[in-house]
Every structure is written in C-alpha cells, then in structure tokens.
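Take a look at the structure set out below.
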Amino acid sequence: MERTHVPYLIRNEPVLQMCGGTESFECIPDLVGGVWQPEELERCQKAFDRFLMGDKFLVGFIVGALDHWISCVLHRQPNDAGIELVVLDSTNFPLLSTTGPTGEAAIREQFHRAKQAELEELTESAGSHLSRDETEYIYLNGMMEPGVAPEHWEIKPLEVRVASKLRRLGAVQDAVQLIWECGTGQKSVQTWLWERKLASLFQEFNRTVYREGRLVVPREYRNDGQACGLLHWVKERGLSFSSDVVNVLAAVGCESIPAEHKSQLKEWAVEVCAALLADLTSGGGFERSASLVSEDGRPWVHVFLRSLDLMLDLIEPGSGSLGEGLVAHDEAMFAPGQERKVLECRERAIQDVDRWKHLLTKQQVCGSRPWRPAQ
C-alpha cells in the first residue's frame, strides 16, 4: 500500500470515520529512512500536542516502516495511571525486545524455522527437476538476474533477506521510540529526529573511517576484509549526508539545535577537511577508482564537500567555505598545465582550514567527540 493512500483511508474509510477519522488517527512517515517534507514534522507534532493537552484519551498512529506497516495506539489511562503504548504488528515478531545481535539472531532463527517450507515453495516455482542441492543453493544464493542488483532479484540471497528484515526491524523500533518519546512529552518530533540523525552520522563515521584508531583517507581493508577509510565512507554513506543532516538541519531550524551539537559538527567538519587536505598535499589528488566517482567522472567526495559547506553556512552564516577550496585544489591537480593554479588552490585550502581552526579556538569548542574511537 502506498503511503499517500493511508491519509485518504483515514479521511474516507467508513470504519475509521466511525472511530474519529482525522481526529483520532495520524499517518506518520518513515522519518529516519524515508522521504518526508518539513511540514510533515509540524503535522506530527500537532498530533502529539493534541494528545498531551488532554483533548484525547486515545490516538492511533499508522506508521510506514520501509516496506511494512504497523499500528500504534497511545492511551491515557484513567485515574492518572499514566500513558500506555500498544503496538500492533501483523508478523507477530518480537519487535521491541530484539535489538542489536539479539535481533539478527532472532531473524536468522525465524528463517531457519521456515526453511523447509521455503525449499518446498522454491521447488514448485523453480521446477521439480531441481535436485535438493540445487534448491539449497538457490535458497542460500538466490536466483541471479543479469544486470540486476541482488536486492531486486525475484528470489533474493538469504543474506539479502536477513539484511532487509534487520532494516525493517530497525525502522519499526525507530517509529515506536518516536511515538513514545514524543507522545509522552519527552521530546519534540524535530528534536527526536535531529538527535537520531546526528547519532547515526557519527556512529557510521566512527565505524567506517578509522583503522586501529587512526583516521585513514584512502580506501583500505581491515584484517577481516572490511573496507574502511574516509573516501569509502563518502561513497557508502556520505552521499546521504545532504538529506540526512543538511536537509534535517534546515527543516528543524538551526536555532533549535543545542550549542554542543553545533560545536561538534564544526569541529568534525574541520577534522575531516584537514585530513583530506593532508592527503591532497602528499599525493596526486583524490582517488578516482570506478566506485568512487559518479557517472560523469566527478569524485563523490566533491559532492560531499559542497554539502559540508552548506551545513557550515547554516550553522555559522557568512563564515566562508571550507570544502570548496579542497574541491578546487583537487580539480586543478587533474588539469594539465595548471601547476600555478595548483599552488594557488593549495594555499587557499590551507588558509580555509587554518581560518576555521582559529575560529574554533576563539569559540573554545569543547565537549565529547563521538565520531572518534573511544580511547
């Protein structure tokens, strides 16, 4: 069911109308992993405000979590007995008690219990001529479709199916946490979303960019074979930086962001750009392997750096760019006969980084640095 169809049902479905329609039900978008408009944040907050002001003892939420729908009901119990949250889910899966490794283990156990039925279904759909070993292989590895990513195959590999259910589980848990914390007045929708996005940014950065406690810029591989490095993070996660951080910052309003968060973002941005500058001055420009550039040949890191400047301008209006100088420096290094321009761009980039470092020193930036590994 399309998300845009749910508000229509709330407004027009006779059964929902009998239960209060738009006065009793609200459709909440997937704020963490989905697409939403700034006005939807205000609409969601108004629904929570109406409940918190005591106008309603019950309010129902229909929530889209990636490819799944759940329903939640906030209920103010009589005699000041507190607020309860009822979560309704059609899969009968223990949604809220399975987090982290426990969640993955529970999902794998669910697949294991259903394996025999899935193998029988595969035999019927793929053909009874397949041997048991061939059917097992398809169950584990999927049915390859040339030119199509495994996530979009009709019969997907087991690991893709596990990952998909893990993402769905995380999206459901996010939605329930949002409804509980905002429905009980602990946080506003805007504050909850911002804190969630900022924590996710720093967690992903911390996990992906460092190797043995050292920030690395080029793509490297750890002993377990996992890729790491700043350029790798930009390719994997940095491209969503604009929608996950910059757009949320603009929608929530910089004036609503705690000073500590602004300081963290500025110091993080300077640290990132200083590392990229050091890599540029010691090498021959940013790596341009096929997976690190767009179809038109531009390094993805250029896109990220321009988004970084947009973020800094929101936080510190009129303070000047930081990433654009690095982009110009890198572009000059790949242009033939531009030796003088390379030197000019390098000097500009150095001055930009030094200026921002000086600005942070004057502002006495301090506090935790969650993007770094724990010492």
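The values are calculated or read from the model by the stated rules, or taken from the named source; none is laboratory data. Since we're looking at a predicted model, the values are computed, not measured. All Cβ positions, glycine included, derive from the backbone under ideal geometry; neighbour counts span all protein chains shown. The accessibility values were calculated without ligands, DNA or RNA, using every heavy atom of the protein model including side chains. Shrake-Rupley method; radii C 1.70, N 1.55, O 1.52, S 1.80 Å.
Summary of computed values
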quantity	calculated
Among the residues listed as His152, His129, the single one being within 30 Å of Phe241 (Cβ to Cβ) and surrounded by fewer than 16 Cβ atoms within 10 Å (Cβ to Cβ)	His152
Cβ-Cβ under 9 Å pairs, at least 6 apart or on other chains, the stretch 57-75 side in contact (Cβ under 8 Å) with a residue 12 or more places away in the chain and among the small types (Gly, Ala, Ser), far side in a strand (DSSP E or B) and open to solvent by less than 10 Å² (accessible area, probe 1.4 Å)	Gly60/Cys72; Gly60/Leu74; Gly64/Cys27; Gly64/Ile28; Gly64/Ile70; Ser71/Gly60; Ser71/Phe61; Ser71/Val63
For Asp352: the one exception among (1) surrounded by fewer than 19 Cβ atoms within 10 Å (Cβ to Cβ); (2) under 31 Å from the mean Cα position of the chain (by Cα); (3) among the acidic types (Asp, Glu)	(1)
Residue match in the stretch 139-161 (condition: in contact with a Pro (Cβ under 8 Å, 6 or more places away or on another chain) and polar (S, T, N, Q))	yes
Where a residue in the stretch 1-12 is over 13 Å from Asp30 (Cβ atoms) and open to solvent by 80 Å² or more (accessible area, probe 1.4 Å) and its partner, wherever it lies, is of a type in the set (Gly, Ala, Ser) and modelled with pLDDT of 75 or more, with Cβ under 6 Å and at least six apart	none
Selection within the stretch 62-73 - under 25 Å from the mean Cα position of the chain (by Cα) and open to solvent by less than 70 Å² (accessible area, probe 1.4 Å)	Ile62, Val63, Gly64, Ala65, His68, Trp69, Ile70, Ser71, Cys72
Verdict on Val86 being open to solvent by 50 Å² or more (accessible area, probe 1.4 Å), in contact with a strand residue (DSSP E or B) (Cβ under 6 Å, 6 or more places away or on another chain) and not acidic (Asp, Glu)	yes
Any hit, the stretch 348-363, residues being in a loop (DSSP other than H, G, I, E, B) and out of contact with any strand residue (DSSP E or B) (no Cβ under 8 Å at 6 or more places or on another chain)	yes
Residue within the stretch 330-345 that is in a helix (DSSP H, G or I), open to solvent by 40 Å² or more (accessible area, probe 1.4 Å), out of contact with any Cys (no Cβ under 7 Å at 6 or more places or on another chain) and in contact (Cβ under 8 Å) with a residue 60 or more places away in the chain present	no
Cross-chain or 6+ apart pairs with Cβ under 7 Å, the stretch 275-304 first and under 17 Å from Ser240 (Cβ atoms), then among the basic types (Lys, Arg)	Ser291/Lys235; Leu292/Lys235; Pro299/Arg288; Trp300/Lys235
Complete set of residues in the stretch 178-194 that are open to solvent by 20 Å² or more (accessible area, probe 1.4 Å), touching a residue at least 12 places away in the same chain (Cβ under 8 Å) and assigned to a helix (DSSP H, G or I)	Trp180, Gln190, Thr191
Some residue of the stretch 23-39 being touching a helix residue (DSSP H, G or I) at 6+ places or on another chain (Cβ under 9 Å), over 21 Å from Arg196 (Cβ atoms) and open to solvent by 80 Å² or more (accessible area, probe 1.4 Å)	yes
Which numbered condition Arg76 fails, given (1) crowded, with 16+ Cβ neighbours inside 10 Å; (2) of a type in the set (Lys, Arg); (3) under 26 Å from Glu151 (Cβ atoms)	(3)
Selection status of Ser164, of a type in the set (Ser, Thr, Tyr) and under 15 Å from Phe111 (Cα atoms)	yes
Counted residues, the stretch 151-169 - those being assigned to a helix (DSSP H, G or I) and touching a residue at least 12 places away in the same chain (Cβ under 8 Å)	11
Residue list for the stretch 89-116, filter: in a loop (DSSP other than H, G, I, E, B), open to solvent by less than 50 Å² (accessible area, probe 1.4 Å) and either at pLDDT 80 or above or closer than 23 Å to Val59 by Cα (or both)	Asp89, Leu95, Ala114
Residues that are at pLDDT below 85, touching a helix residue (DSSP H, G or I) at 6+ places or on another chain (Cβ under 7 Å) and within 23 Å of Ala163 (Cα to Cα), drawn from the stretch 117-149	Leu122
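Rundown of residues vs (1) charged (D, E, K, R); (2) open to solvent by 20 Å² or more (accessible area, probe 1.4 Å), yes/no style:
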site: Val209; (1), (2): no, no
site: Asn223; (1), (2): no, yes
site: Gly229; (1), (2): no, no
site: Trp233; (1), (2): no, no
site: Arg237; (1), (2): yes, yes
site: Asn247; (1), (2): no, yes
